[in-house]
Amino acid sequence: MSATVIVDAITKTFSRVGPPAVDHLSLQIAGGHCIAVLGPSGSGKSTLLRLVCGLEQPDSGRVSVAGQDITGVDPEKRGMAMVSQRPLLFPHLSVIDNVAFAAVVRGVRRRAARADATQFLNMVQLDGLGGRSSHELSGGQAQRVALARALAARPAVLLLDEPFSALDLELRQEMHQLLRDIRNLVNSTVILVTHDRDEAASLADTIALVNAGRLVQHGTVQDLYRRPISVEASRLMGGKNEIPGTIAAGTHYSAWGAFPVPGGTPGADGSGILVVRQESVEILTAGTAGTEAIVSAVQPLGARQLVTVQAGEATLHAETTAFRAVALGDRVRVRIPAGELALVDRVAGPLAARQPLVQNA
Amino acid sequence: MAMTVFSRAERDPHPLQRRPGTGLSRPRGLGRVGRVGLSLGLACWFLLPLAPLVLWALADRWSFPNVLPTRWGSTGLTAALAQGAAPAFLTSLGLGLVVTLIATPLGTMAARAVAVYRVRGAGWLTVLLFAPIALPAFAVATGLNVILLRLHTPSVVGVVGILVVYALPYTTFVMRAAYGTYDTGFEDEARLLGASRRQVVTRVHLPLIAPALARAAFLGFLVGWSDYLVTLLIGGGQLVTVPILVASSAAGTGNTAVTAVLSVAAIVPPLVFLAVLERTGRHRTREET
């Protein structure tokens, strides 16, 4: 069972003096899809989840599921289930009774509820652990039980509030695979709240980027990485390169050269910022095509490295494999693939003084 | 042929004990003897005063310098019953139960309000709740007695009301400590799994705070069961409880056996109550798991 979820201009303020935790935020999640609500700590993403499931009431705005306005509906009647960062397994119940909880409160007899719960325990690969107490589980097992318990409620909407952030990397990857497998078996709409870009990209069909309670951008994973709509979106997605410049006759001029305005339509003259993923910037050896630059920093990132290059006052970052021999002070050539550029924060108006251009070789 | 018998510890020593010389593997015999000695000492300290009480309760005659009673019998018990021990016992029991039945839920709600919800003036509320402990019972009882008389309040209601106020700090304190570590996330989780508000209370909230509730209920019962001053002053003689009988018996001479019987009777219910609560808590946990 799945349902389309619509969040319509929802606002929630906790403090009279402070800014709203969620500010006029609208979002649509297609039935059966998985959306990742991605944002830094304190951006309002968990509050958004609590508003959707009814644990918080909005100051204004509406939440609809399958075309029905559920804004004032009690949480237990919304057909949702949630898995939080903490498993929150009821300590006075065994594993099997935790998973059977939803059925028991629905009025199903305990024996039947336990039989039903067993299939969900099997689904999360915890066969035979039903008799254990929640205290006897490891962190990963407890989170699997929490997932089984939520699935056993057969929710139309499954809410995941940073459910894997307390697990180590290996366990997290296992849980990601488990969630992908489960999504093939159950057809719930999934709303995943996370601050981990990789997790969002790995699990979600679309990403809703949230900051300061506002929706910054909602789109596919590729869109968010390669076509951010603002510098804010680019930075939130971990983008490091912002190339301010002027736009004239459909061309963006900056210290890194002249590039045709991305998108095909030249638009009005003025100014704008080109953003490009550091993974897309190429570092070439001297004497090849590209803009000449000097390596000003090299930051190891395990199997990768972040190389910072400078051309005059302008700075650019490129992520390369760690095996690429680059040293501080090296003279290199930098190539920015025009197809990887996105123009953001464009302002139309009289041309500002053009920045000194570095000629492409 | 001589056979060497090894103890299990010798056959299968702890891994740390296989490496002599470390702090953890050092013999701890002396420490163990000390711990056992201290435990026995504490047990004696608690139980020793009860020994003469029990002996006196079963003694018809016990004169100095005999170590044990010279004549055993049930004269003390008969006399205690003749003085109204049975109804006093029931009155005390009722008083203890009524006080705990009122003070425990009130203390629980107050503790939850202070510890879990953002109640305005929580600090002042805490001071107010704990104030009865700071005030001398005699002063409070004497002062309130006049007010209650003018209000024509039935003495039983007055006694129960004041004892509930005295029990509240204890029940609140115990429950506040429990709510300090209580996670309301469990309740949210239960609601999202389809539990109604009532089911959340019965299936999640109460089981999670059950051990603390039992402790609070026990303390509330003790306040009602063991009170002397408030029952005497506010009850105005209409409420004859075990502590009042004990005090009246102890004030006279030659009543040692009767006083002992009544004192033993005063000890038994709290112990039984504690045992029942403990057993119920364990049984419930075992049943749930």
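Every number here is computed from the coordinates shown, using simple stated rules; none is lab data. Nothing here was measured: the structure is a model prediction, and the numbers come from that model. Every residue, glycine as well, gets a Cβ built from its backbone with ideal geometry; the counts of neighbours run over all protein chains shown.
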Inset, instruction - Figure the gain on full extension for B:Trp72 and B:Val33 (residue separation times 0.36 nm, minus the Cα-Cα span) and round it to one decimal in nm. - result: 10.2 nm
Legend entry - Computed magnitude of the charge dipole of the range A:1-141 (debye, nearest 20; Cβ of K, R +1, Cβ of D, E -1): 300 debye
Legend entry - Charge dipole magnitude, Cβ of K and R +1, D and E -1 - the range B:117-219, Cα centre, debye nearest 20: 180 debye
Inset, instruction - Evaluate E = 1/(1 + (r/R0)^6) for A:Glu242 and B:Ala177, where r is the Cβ-Cβ distance and R0 equals 51 Å; express this FRET efficiency to the nearest 0.05. - result: 0.45
Inset, instruction - Return the whole-Å distance between the Cα centroid of the range A:28-97 and the Cα centroid of the range B:42-65. - result: 65 Å
Inset, instruction - At 7 Å along the Cα-to-beta-carbon direction for both B:Val268 and A:Thr265, put a label point, then send me their distance in nm to one decimal. - result: 9.3 nm
Legend entry - Cα-based convex hull, the range B:84-151, per residue volume (Å³, whole number): 138 Å³
Inset, instruction - Calculate for chain B the 222 nm mean residue ellipticity that helices alone would give, adding -39,500 (n - 2.57) per DSSP H run of length 4 or more and normalising by residue count, nearest 500 deg cm²/dmol. - result: -23000 deg cm²/dmol
Inset, instruction - For the range A:177-300, report the translational diffusion coefficient in µm²/s to the nearest whole number, using Stokes-Einstein at 25 °C, 0.890 mPa s, and a Kirkwood Rh over Cα pairs. - result: 142 µm²/s
Legend entry - Label-point gap, in nm, between B:Ala122 and A:Ile6 - each point 7 angstrom along Cα→Cβ: 4.0 nm
Inset, instruction - Positive end of the charge dipole of the range A:180-229 (Lys, Arg +1 and Asp, Glu -1 on Cβ, about the Cα centre): tell me which of A:Leu185, A:Leu209, A:His195 has its Cα farthest that way. - result: A:Leu209
Legend entry - For the range B:23-101, convex hull of alpha carbons as volume per residue, Å³: 166 Å³
Inset, instruction - Determine, for each peptide in A:194-202, A:295-303, the mean count of other beta carbons within 10 angstrom over its residues, then list the peptides with the highest first. - result: A:194-202, A:295-303
Legend entry - GNM top mover of A:Gly67, A:Gly18, A:Gly79 - chain A, alpha-carbon springs below 10 Å: A:Gly18
Legend entry - Within 10 Å of each Cβ in A:84-97, the average number of Cβ atoms from other chains: 4
Inset, instruction - Specify whether the C-alpha gyration tensor of the range B:138-289 places it in the rounded, prolate or oblate class, a ≥ b ≥ c being the square roots of the eigenvalues: rounded for a/c under 1.5, otherwise prolate if a/b is larger than b/c and oblate if not. - result: oblate
Legend entry - Calculated P(r) of the range B:115-180 - Cα pairs past 19 Å, %: 43 percent
Legend entry - Of A:His33, A:His92, A:His218, farthest towards positive along the dipole that unit charges on Lys, Arg, Asp, Glu beta carbons give the protein assembly as shown: A:His92
Inset, instruction - Would you mind giving the three semi-axes, in whole Å and largest first, of the ellipsoid equivalent to the range B:41-147 according to its Cα gyration tensor? - result: 44, 19, 15
Legend entry - Distribution of pairwise C-alpha distances over chain B, 5 Å bins, in %: 1, 5, 8, 10, 11, 11, 11, 10, 9, 8, 6, 5, 3, 2, 1, 0, 0, 0, 0
Inset, instruction - Rank the residues B:Val98, A:Val210 as a footprinting-exposure proxy: fewest other Cβ atoms within 10 Å of their Cβ go first. - result: B:Val98, A:Val210
Legend entry - Principal semi-axes in Å for the protein assembly as shown [√(5λ), Cα gyration tensor, largest first]: 72, 33, 25
Legend entry - Mean separation of Cα contacts under 8 Å, 6 or more apart, over the residue count of the range A:59-169: relative contact order %: 38 percent
Inset, instruction - Give the Rg (one decimal place) followed by the Dmax (whole number) of the range A:258-355, computed from C-alpha coordinates and expressed in Å. - result: 15.1, 46
Inset, instruction - Output the Kirkwood hydrodynamic radius of the range A:90-154, Cα pairs only, in Å rounded to one decimal. - result: 11.2 Å
Inset, instruction - Please report B:Trp72, B:Trp62 as a ranked list, fewest other C-beta atoms within 10 angstrom at the top and most at the bottom. - result: B:Trp72, B:Trp62
Inset, instruction - Using the Karplus curve 6.51 cos²θ - 1.76 cosθ + 1.60 with θ = phi - 60°, work out ³J(HN,Hα) for each residue of the range A:71-76 in order, rounded to whole Hz, and write x for Gly and Pro. - result: 3, x, 7, 4, x, 6
Inset, instruction - Work out how far the C-alpha atoms of the range A:190-236 reach from end to end along every principal axis, then list the three figures in whole Å, largest first. - result: 26, 23, 14
Inset, instruction - Could you work out the mean projected area of the convex hull around the alpha carbons of the range A:19-155, in square nanometres to one decimal? - result: 9.6 nm²
Legend entry - Sequence-distant lysines (8 or more away, or on other chains) whose Cα lies within less than 30 Å of A:Lys77: A:Lys12, A:Lys45
Inset, instruction - With an 8 Å cut-off on Cα pairs and a minimum separation of 6 or more residues, tell me the relative contact order of the range A:177-307 in percent. - result: 14 percent
Legend entry - Exposure proxy order (Cβ contacts within 10 Å, fewest to most) of B:Tyr179, B:Tyr117: B:Tyr117, B:Tyr179
Inset, instruction - Please give the calculated 222 nm ellipticity per residue for chain A, where each DSSP H segment of at least 4 residues contributes -39500 (n - 2.57) and the sum is spread over every residue; nearest 500 deg cm²/dmol? - result: -6500 deg cm²/dmol
Inset, instruction - Let me know the Rg and Dmax you get for chain A when you use only its Cα atoms, in Å. - result: 24.7, 78
Inset, instruction - Under a cut-off of 16 Å between alpha-carbon atoms, report the lysines in cross-link reach of A:Lys240, not counting same-chain residues fewer than 8 places apart. - result: none
Legend entry - Lys, Arg +1 and Asp, Glu -1 on Cβ, resulting dipole of chain A about Cα centre, debye, nearest 20: 660 debye
Legend entry - Mean separation of Cα contacts under 8 Å, 6 or more apart, over the residue count of chain A: relative contact order %: 16 percent
Legend entry - Computed FRET value (nearest 0.05) for A:Asp181 with B:Asp60, which takes r as the C-beta separation and R₀ as 60 Å: 0.15
Inset, instruction - Answer with one residue from B:Gly194, B:Val276, A:Leu158: the one whose Cα lies farthest towards the positive end of the charge dipole of the protein assembly as shown, charges on Cβ with Lys, Arg +1 and Asp, Glu -1. - result: B:Val276
Inset, instruction - Consider a paramagnetic label point 7 Å from the Cα of B:Ala134 along Cα→Cβ; state which residues of the range B:96-119 have an amide N under 13 Å from it. - result: none
Inset, instruction - May I ask for the Kirkwood hydrodynamic radius of the range B:91-130, worked out over all distinct Cα pairs and given in angstroms to one decimal? - result: 11.2 Å
